[in-house]
1. If Asp155 passes every condition in (1) outside any helix (DSSP H, G or I); (2) within 25 Å of Leu307 (Cα to Cα); (3) charged (D, E, K, R) but one, which one does it miss?
2. Search the stretch 195-207 for residues being of a type outside the set (Val, Ile, Thr) and open to solvent by 30 Å² or more (accessible area, probe 1.4 Å), and hand back the single one that is farthest from Leu117 (Cα to Cα).
3. Listed residues Gly275, Gly220; which is out of contact with any strand residue (DSSP E or B) (no Cβ under 9 Å at 6 or more places or on another chain) and open to solvent by less than 10 Å² (accessible area, probe 1.4 Å)?
4. I'm checking my understanding of the structure. Among residues of the stretch 17-46 that are out of contact with any Asp or Glu (no Cβ under 8 Å at 6 or more places or on another chain), in a helix (DSSP H, G or I) and not aliphatic (A, V, I, L, M), which one is nearest to Gly99 (Cα to Cα)?
5. Out of Ala261, Ala253, Ala248, which single residue is among the hydrophobic types (A, V, I, L, M, F, W, C) and either surrounded by fewer than 24 Cβ atoms within 10 Å (Cβ to Cβ) or in contact with an Asp or Glu (Cβ under 6 Å, 6 or more places away or on another chain) (or both)?
6. Looking at the stretch 180-194, can you tell me whether even one residue there is open to solvent by 60 Å² or more (accessible area, probe 1.4 Å) and modelled with pLDDT of 90 or more?
7. Can you confirm whether Thr124 is closer than 30 Å to Pro320 by Cβ and without any contact (Cβ under 8 Å) to a residue 60 or more places away in the chain?
8. Return the only residue of Leu64, Leu80 being under 22 Å from Val194 (Cβ atoms) and not assigned by the TED database to the domain that holds Tyr328.
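The values are calculated or read from the model by the stated rules, or taken from the named source; none is laboratory data. This is a predicted model, so every value here is computed, not measured. Backbone-built Cβ (ideal geometry, glycine too); neighbour counts: all protein chains shown. We work out accessible area using only protein heavy atoms, side chains counted, and drop any ligands, DNA or RNA first. Shrake-Rupley method; radii C 1.70, N 1.55, O 1.52, S 1.80 Å.
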Amino acid sequence: MTRARLFASLCGLVFLVNLARIVFAPLLDVFIAEFGIGEATAGLIVTLAWIGSASPRLPTGWILTKVPRHYVVLVSGLVLAGSSALAATATTVEHLMVGAFLMGIASGIYFVSANPLLSELYPTRIGRIIGIHGAASQVAAVIAAPFVALTLLVDWRLSLWAIAVGAAAITIYTWFAARDAELPTAGEADRDFVAGALSEWKLIVTALAIVGAASFVWQGLFNFYELYMQSKGLSDWMAGMMLTIIFAAGVPAFFFGGDLADRFPHVPYLLGIVGAFAGSLFVLTRVEGLLGLIVLSTVIGLVIHALFPAIDTYLLDTLPDSTRGSAYAVFSSSWMLMQALGSSAVGSLVEAGFAYDTVFASGALVLGATVVVLIVLERAGLLPG
């Protein structure tokens, strides 16, 4: 029961952590109008949030070899509360960028510490637990667009103030829940960060090869999804609904995807997900009608969000206690850096005159080619699983 209370508090905290990263996507139009910036600069705000999410992951991994995981989780909540308040007071785009970067840092600290903690709290049900935890984070992504739309009736800053207050409250509750819980001791075996990460380099490189390019394309897609849908002739309201649909599909994808990750062989399952994402994205670039866009948005949302519990389960289930925190931190940091550049890349290409359909179709073709190469390597027994 005490572990269940801690798990519930972590689900609440991850809801706010993910909301802090997603909230900037539906605010891009507002930032462009309020600060007088272009699409590339707007994309850079989002990119900074994701670079911020990547930047503390390596040092956090080292800290986890010295400090219990739940202490680091609590620090992430405090950083989120403070940085959200900072972003809410922004009067210049530079000020806003600093706040977005620090909000990203909070998420990076959280995920590197919380995911190994969850796998050690429930070692026999890693996929399911990661899936439920991910579903809680995905609920934030679902409500982000309507939440921002509601706060815009007052002021866009209200959305950031709400995150700040909520993060402070849930962090306090998490402290009480962790104090009363019987915490696992598996992480105590992970005490050499560099040796632990180096010993698992093949697994880390394999995981990055499977999900790196897919997450790069996904970052660029979802952060510009509303503008992309508008380019296909949809109204502002309907374009926002499409973003909500693609995120809503992620809730069952996380929930059931975690279970499937426990049941299927890890590498073939991951390659199937990436291949399905590439195929559905390519078809999306060829569709113009409303019904087709709704169907493709749903399919893409289901497929891409199943990738996240699958890759976490692959790593956390495969890594031993003695290297889990260290190796996962190295993977997580590298992965986030790879995907963080997606938004800025898409914004720059669009500003340079390339159509959204051209940009995303090219991304889908590259992903498809990558999957074919990885399938050949997997069939030859060259990928660790």
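1. With respect to (1) outside any helix (DSSP H, G or I); (2) within 25 Å of Leu307 (Cα to Cα); (3) charged (D, E, K, R), Asp155 is out only on (2).
2. Taking the stretch 195-207 as the starting set, the residues that turn out to be of a type outside the set (Val, Ile, Thr) are 195-203, 207.
Those left that are additionally open to solvent by 30 Å² or more (accessible area, probe 1.4 Å): 195, 198-202.
Working: Ala195: 20, Leu198: 21, Ser199: 21, Glu200: 19, Trp201: 21, Lys202: 23 Å.
Of everything passing the filter in the stretch 195-207, Lys202 is farthest from Leu117 (Cα to Cα).
3. Numbers: Gly275 fails: open to solvent by less than 10 Å² (accessible area, probe 1.4 Å).
Exactly one of Gly275, Gly220 is out of contact with any strand residue (DSSP E or B) (no Cβ under 9 Å at 6 or more places or on another chain) and open to solvent by less than 10 Å² (accessible area, probe 1.4 Å), namely Gly220.
4. Our first condition is that a residue be out of contact with any Asp or Glu (no Cβ under 8 Å at 6 or more places or on another chain); within the stretch 17-46, this holds for 17-24, 27, 30-31, 33-37, 41-46.
When the remaining residues are screened for being in a helix (DSSP H, G or I), the result is 17-22, 27, 30-31, 33-35, 41-46.
If we keep only those that are not aliphatic (A, V, I, L, M) too, we end up with 18, 21, 31, 34-35, 41, 43.
Values: Asn18: 15, Arg21: 11, Phe31: 14, Glu34: 16, Phe35: 15, Thr41: 15, Gly43: 15 Å.
Looking at residues that are out of contact with any Asp or Glu (no Cβ under 8 Å at 6 or more places or on another chain), in a helix (DSSP H, G or I) and not aliphatic (A, V, I, L, M), I get Arg21.
5. On the way: Ala261 fails: either surrounded by fewer than 24 Cβ atoms within 10 Å (Cβ to Cβ) or in contact with an Asp or Glu (Cβ under 6 Å, 6 or more places away or on another chain) (or both); Ala253 fails: either surrounded by fewer than 24 Cβ atoms within 10 Å (Cβ to Cβ) or in contact with an Asp or Glu (Cβ under 6 Å, 6 or more places away or on another chain) (or both).
Only one candidate qualifies: Ala248.
6. Checked the stretch 180-194: no residue is open to solvent by 60 Å² or more (accessible area, probe 1.4 Å) and modelled with pLDDT of 90 or more.
7. On the way: closer than 30 Å to Pro320 by Cβ: yes; without any contact (Cβ under 8 Å) to a residue 60 or more places away in the chain: yes.
So Thr124 fits the description; yes.
8. Details: Leu80 fails: under 22 Å from Val194 (Cβ atoms).
After applying the criteria, what remains is Leu64.
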